[in-house]
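None of the figures in this text is laboratory data; all of them are computed from the coordinates on show. Keep in mind that this is a model prediction, so the values were computed, not measured. Neighbour counts are summed over all protein chains in view; Cβ atoms, including those assigned to glycine, are modelled from backbone coordinates with ideal geometry.
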Amino acid sequence: MPNIPLPEEPIGEFTVFRPFTAPGLFAYRHLQALGLLDFPDYAGGDLDAAQRREALQRVVALHRPLSALVIFLNVVAMEDFIRDFGARLADHPGLASYFPNISGLRMKPTKPKPNRPFARLDTDPATFVDPDEVNNLYQKCLGIQPFPASEHAQLRDLALLRHTVAHHGAVIRSVDVQRFQHFIVQPGHLINPPVAFVREVCAYLYRIGRTFEESVKARIFSAVIPTLGPSWWEQRPTHLLDLIELFNYFGKLVSSNGPVGTPPPGTEMERQMREEGVRVREKLIRLCIDELRDAYA
């Protein structure tokens with residue numbers, strides 16, 4: 001049952017376009033989208049720097065559906081992450097020997113349809129905005145369920161918000177209200193949550209994405225490392241280094257004081273940049289191997 005009201009910024013508005021009609025709503029949305037390209041100029045006047053920042057933040061609410069678009073982009077980012085991550089795992093040489101069904105994470109090509117040249121030429125192995133489908137897929141392919149069950153209702157609702165932004169101009173349809181399980185929504189309302197709430201949602205989605213990543217990482221390395229033999233942290237097989245890179249060096253960062261830019265080939269600056277790149281990668285690999293050794297040695 002819904003239990004958390006989806007917050008919204010109340011906006012009073014008058015329009016001549018009669019959006020209660022289909023042509024009027026089409027014209028209104030056309031100008032609404034164009035209006036997102038311009039913000040008011042608060043450079044002058046009596047506002048100080050802090051007041052200008054506050055005023056611009058308030059304009060986000062007035063520029064509907066900007067805040068809804070931010071939620072949309074974050075849901076799409078996680079959806080694309082799961083799609084791309086799974087494909088890279090499926091294509092990684094050697095993992096099939098540990099996980100015979102890992103190819104199931106790969107997108108499946110489809111034949112072009114002469115009468116539908118615009119149709120998609122591949123299909124996803126699961127609906128990536130449905131946590132149940134994703135968990136079932138990863139259970140089959142890797143033996144894990146990376147989305148915590150406690151988060152499924154909220155993730156489904158955020159996927160519904162994404163769908164509403166993408167296909168219904170961010171307006172909640174009456175027929176969709178009963179589909180929400182985590183948020184309480186109002187039919188006919190434009191999704192327009194306050195900035196603070198949107199930031200919380202974005203942080204939540206990022207945490208869930210990292211939880212997903214960590215679950216997959218633990219499963220992969222727990223299967224691979226025991227087969228690498230003794231002192232694998234010293235031997236550093238190429239297979240292990242490739243996996244570390246696939247997992248983005250575990251999100252670790254290393255500071256660098258080397259030169260930046262695009263130097264001409266063959267210059268001293270280019271040589272320095274190449275040497276610094278090698279140094280940074282070596283430091284990242286050492287940090288990751290130390291982490292793995294502490295966890296699995």
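So, in Å, what gap is there between the alpha-carbon centers of the range 209-273 and the range 26-73? Result: 40 Å between the Cα centres.
For the range 231-297, just say rounded, prolate or oblate: build the C-alpha gyration tensor, square-root its eigenvalues into a ≥ b ≥ c, call rounded for a/c under 1.5, and beyond that prolate if a/b exceeds b/c, oblate if not. Here the range 231-297 falls in the prolate category. Hey, could you get me the Stokes-Einstein D for the chain, Kirkwood radius over alpha-carbon pairs, 20 °C and 1.002 mPa s, rounded to whole µm² s⁻¹? In µm²/s, the coefficient is 92.
A dipole drawn for the range 149-282 from +1 and -1 charges on Cβ atoms has a positive end, and of 250, 227, 190 the residue lying farthest that way is 190. Of the DSSP H helices in the chain, those that are both long (alpha-carbon extent of 24 Å or more along the helix axis) and hydrophobic (Kyte-Doolittle mean at least -0.5) are 66-91, 195-224.
Partner lysines whose Cα lies under 25 Å from the Cα of residue 217, excluding those fewer than 8 positions away in the same chain, are identified as 108, 140, 252, 283. Note: relative contact order over the range 4-227, using C-alpha pairs below 8 Å and six or more positions apart, is 25 percent. Assuming charge only on the beta carbon of Lys and Arg (+1) and of Asp and Glu (-1), the dipole of the chain about its Cα centre is about 820 debye to the nearest 20.
Placing +1 on the Cβ of every Lys and Arg and -1 on the Cβ of every Asp and Glu, with nothing else charged, gives the range 231-297 a dipole about its Cα centre of roughly 40 debye. Here's the picture: charge each Lys and Arg Cβ at +1 and each Asp and Glu Cβ at -1 in the chain, and of 174, 45, 75 the one pushed furthest to the positive end of that dipole is 174.
With the highest mean first, a sort of the peptides 242-253, 28-39, 184-195, 260-271 on other beta-carbon atoms found within 10 angstrom per residue produces 184-195, 242-253, 28-39, 260-271.
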